[in-house]
Amino acid sequence: MKIPFFVFLILLSANLFAQSFVISADKMNIAYIGIDNPLSIVSDNCSCKDLFATTDNGTLIKKDSCHFLYEPSQAEKATIIIQKKQNGKLVKIGEQVLRCKRIPDPYPVVGNRHSGSFPLAQFKVQQGVVMTFGESFDLDFKAIVISFKITLLSNNQVFHTQETNGNRFTSNTIVAFSQLKTGDIVAIEGIKCIRSGGCPKGAGTLTFVMR
């Protein structure tokens with residue numbers, strides 16, 4: 001499933017080959033692998049239908065008019081080459097470099113915590129497990145938890161275990177939370193999620209110690 005990453009305008013112009021062109025970009029000229037990165041390209045004195053673009057990294061498809069869909073194949077720089085159709089031939093207008101990155105692996109959290117100690121009162125009001133890409137990743141891209149297993153232990157003895165479909169704790173698990181005490185352990189394992197490209201291997205375990 002391709003999820004479009006919409007790019008907003010930051011005007012980046014160049015005067016190469018005596019003609020100016022503009023590529024719309026965002027995220028400091030960053031394109032992400034695995035999703036469609038829409039680009040808009042315009043040039044002075046040139047109709048959009050006569051503009052063409054190629055790249056040395058991935059695929060660049062003209063969608064309509066001055067709009068293109070770009071998907072990089074490697075996490076490295078990509079050169080976007082702009083050409084125009086003139087007298088039946090393609091003439092280079094200029095080029096621009098974009099940085100290409102991989103979308104970071106999401107990881108599971110409960111109440112914005114990824115394992116470690118957890119205030120007992122705060123844990124008892126939690127509703128489920130969610131996936132996050134981290135605060136530094138501001139692209140509107142989501143991963144959804146579809147199942148997990150939760151185990152509650154007191155003095156190293158299991159007093160509740162539940163396999164759950166979806167990302168929310170069941171009513172039985174929430175009732176069991178009332179029995180948790182300081183020092184008890186909550187283990188959440190086998191977390192599975194869905195997102196474009198699948199979920200990272202080994203990202204599905206959380207362990208919390210109540211304090």
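Would you check if there is a residue in the range 47-55 being outside any loop (DSSP other than H, G, I, E, B) and at pLDDT below 85? No, every residue in the range 47-55 fails to be outside any loop (DSSP other than H, G, I, E, B) and at pLDDT below 85. When Ser73, Ser147, Ser47 are screened for being of a type outside the set (A, V, I, L, M, F, W, C) and assigned by TED's automatic domain parsing to the domain that holds Leu180, only Ser147 passes. Looking across the range 63-102, the residues that are touching a residue at least 24 places away in the same chain (Cβ under 8 Å) and not in a strand (DSSP E or B) come down to Cys66, Pro72, Ser73, Gln74, Ala75, Glu76. The listed residues are Phe159, Phe141, Phe177, and the only one of them that is more than 19 Å from the chain's Cα centre (by Cα), of a type in the set (Phe, Trp, Tyr) and crowded, with 17+ Cβ neighbours inside 10 Å turns out to be Phe177.
Condition check ((1) part of a strand (DSSP E or B); (2) closer than 30 Å to Ala31 by Cα) across all residues:
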position	(1), (2)
Phe137	no, yes
Ile146	yes, yes
Thr151	yes, no
Gly190	yes, no
Ala203	no, yes
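So is Thr170 among the hydroxyl-bearing types (Ser, Thr, Tyr) and either at positive phi or surrounded by 12 or more Cβ atoms within 10 Å (Cβ to Cβ) (or both) or not? It is true that Thr170 is among the hydroxyl-bearing types (Ser, Thr, Tyr) and either at positive phi or surrounded by 12 or more Cβ atoms within 10 Å (Cβ to Cβ) (or both).
The values are calculated or read from the model by the stated rules, or taken from the named source; none is laboratory data. Just so it is clear, the structure is predicted and the values come from calculations on it, not from any experiment. Here the Cβ is made from the backbone with ideal geometry for all residues, glycine too, and neighbour counts use every protein chain on show.
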